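> Dropping a structure here in structure tokens format, bear with me for questions.
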Amino acid sequence: QVQLVESGGGLVQPGGSLRLSCAASGSIFSIIAMGWYRQAPGKQRDLVAMVTSDGMTNYADSVKGRFTISRDNAKNLVSLQMNSLKPEDTAVYYCNVGARSTITPSRLGNYWGQGTQVTVSS
């Protein structure tokens, strides 16, 4: 089983910054990709940013230039630095990991964190 622990959410003013972190642990054989999704009330869960194990990144258009995703493969850790936050960034942010476990290394699993609230408001 792969477990994800998220941290860093909270309340900030518009223009402020937050840094989210997600640590993966458990029976991990290899991690293919790590990323962040978000879901606002009444909306679908959308990709915010992702990074593969070889360092390739992808961002939603709405966060390009403001958010930066990074990873530490040795520690199975992914972080999301969020700058110039806007009220429309308010959402529950979910860590997502695509990984193979040591128990079933031939099977690619999709794992989700519990979610952490980010609120941008004056």
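The values are calculated or read from the model by the stated rules, or taken from the named source; none is laboratory data. Nothing here was measured: the structure is a model prediction, and the numbers come from that model. Positions of Cβ are backbone-derived with ideal geometry, glycine not excepted, and every protein chain shown enters the neighbour counts. Remember, those area values only see protein heavy atoms, side chains included, never the ligands or the DNA or RNA. Shrake-Rupley method; radii C 1.70, N 1.55, O 1.52, S 1.80 Å.
> Determine the dipole magnitude for the chain: charges of +1 sit on the beta-carbon of Lys and Arg, -1 on that of Asp and Glu, nothing else is charged, the reference point is the Cα centre, and the result goes in debye to the nearest 20.
Values: 11 positive and 7 negative charges, 18 e Å.
Its charge dipole is roughly 80 debye.
> Right, another one. How do T116, T104 rank by accessible surface area computed with a 1.4 Å probe, from largest to smallest? Each step should come with its number before you reach the end.
On the way: T116 20, T104 60 Å².
Descending order: T104, T116.
> Among the aspartates and glutamates, select those whose C-alpha is under 18 Å from the C-alpha of K75, and discard any that sit fewer than 8 residues away in the same chain.
The qualifying aspartates and glutamates are E6, D54.
> Per the Debye formula with a single identical scatterer at each Cα and no solvent contribution, what log10 I(q)/I(0) holds for the chain at q = 0.11, 0.17, 0.23 Å⁻¹?
-0.35, -0.79, -1.33
> For the chain, what is the relative contact order in percent, using Cα pairs closer than 8 Å and at least 6 residues apart in sequence?
Values: 305 pairs, mean separation 43.1, N = 122.
Relative contact order for the chain comes out at 35 percent.
> I would also like to ask the following. Using a 1.4 Å probe over the heavy atoms of the protein chains, calculate the carbon and sulfur portion of the accessible area of the chain as a whole percent. Numbers along the way, then the final one.
Working: 3200 of 6670 Å².
Ligands and nucleic acids excluded, carbon and sulfur reach 48 percent.
> So how far apart, in nm, are the two label points at S25 and N110 if each is 7 Å from Cα heading toward Cβ?
The two pseudo-label positions are separated by 2.6 nm.
> Cut-off 20 Å, label point 7 angstrom out along Cα-to-Cβ of N58: give me the residues of segment 30-51 whose amide nitrogen falls inside.
From segment 30-51, the list is 30-40, 44-51.
> Another question, if that's okay. Under 15 Å between alpha carbons, and skipping anything fewer than 8 positions from K64 in its own chain: which aspartates and glutamates qualify?
D46, E88, D89
> If I model a spin label as a point 7 Å beyond the Cα along the Cα-Cβ vector, how far apart are those points for Q39 and S70 in nm?
3.0
> What accessible area per residue, rounded to a whole number of Å², is obtained for the chain using a probe radius of 1.4 Å? List each step's numbers first, then the result.
Numbers: 6670 Å² over 122 residues.
Ligands and nucleic acids excluded, the figure is 55 Å² per residue.
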